[in-house]
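Undergrad: This is the structure I have questions about; it appears just below.
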Amino acid sequence: MESQLLEKCISNSHNPREEYMQKFRFVLRIGVTLACLLALSLSLPGQERFGNVSGVASDATGAVLPDVAVTITNKATNRTYNTRTGNDGSYQAQDLEPGRYSVRFEKSGFARYEVADALVLVGRTAKVDAQMQVGTVEVTVQVTETAPLIDPTSTLVANNITAEEFNSLPKARS
């Protein structure tokens with residue numbers, strides 16, 4: 001009786017089909033785990049959807065102005081983004097939809113300063129600085145020319161086109 005029991009235990013532990021299934025399940029688990037890790041670790045370069053606006057507010061002498069209210073308005077949707085300059089006079093607005101924006105700077109004791117047309121492109125940071133003049137808030141200094149679209153903080157070589165430029169491109173016939 002003991003010999004039969006011993007043979008039964010030995011035969012169950014060395015079943016080739018069971019060993020094959022265990023190995024198969026182990027390899028399958030490893031494969032699924034690696035596939036999930038690969039999928040999660042993939043960053044999709046070039047899939048940016050937003051742009052940024054940053055700059056510095058200063059007075060006529062070039063001294064930085066802290067706590068300036070900065071209002072960034074999308075000209076197409078009228079959506080506004082509000083921020084304030086820090087102690088170093090700088091501000092940053094991130095994750096803005098591409099398009100044309102107006103940027104307004106306001107601080108008590110200074111004339112309102114407005115940049116009427118700032119272009120925000122995908123993956124780029126538009127630099128909009130303000131040199132505010134001493135005066136009352138009722139006086140507005142409006143800037144109609146903007147700085148060139150060069151981002152000195154990036155080493156990226158890229159070209160963005162506007163929706164108008166894209167629409168003027170020849171399309172394939174269907």
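Undergrad: Roughly speaking, what is the stretch gain from residue 84 to residue 172, that is 0.36 nm per residue apart minus the C-alpha to C-alpha distance, in nm to one decimal?
TA: Taking residue 84 through residue 172 to full extension adds about 27.0 nm, to one decimal.
Undergrad: Can you compute the modelled spin-label distance between residue 119 and residue 61, with each label point 7 Å from Cα toward Cβ, in nm?
TA: For residue 119 paired with residue 61, the spin-label model returns 3.7 nm.
Undergrad: Here's another thing I want to ask about it. Got a sec to turn the phi values of the range 61-75 into Karplus ³J(HN,Hα) couplings, 6.51 cos²θ - 1.76 cosθ + 1.60 with θ = phi - 60°, whole Hz, x for Gly and Pro?
TA: For the range 61-75, the Karplus-derived couplings read 8, x, 6, 5, 10, x, 6, 8, 6, 10, 10, 10, 10, 6, 6 Hz, x marking Gly and Pro.
Undergrad: Using the Kirkwood formula on the Cα atoms of the range 35-124, what hydrodynamic radius do you get, in angstrom to one decimal?
TA: 14.7 Å
Coordinate-derived values only; no laboratory data. Owing to the predicted nature of the structure, the values given are computational and were not obtained by experimental measurement. When we count neighbours, we look across all protein chains shown, and the Cβ atoms used for this are built from the backbone with ideal geometry, even at glycine.
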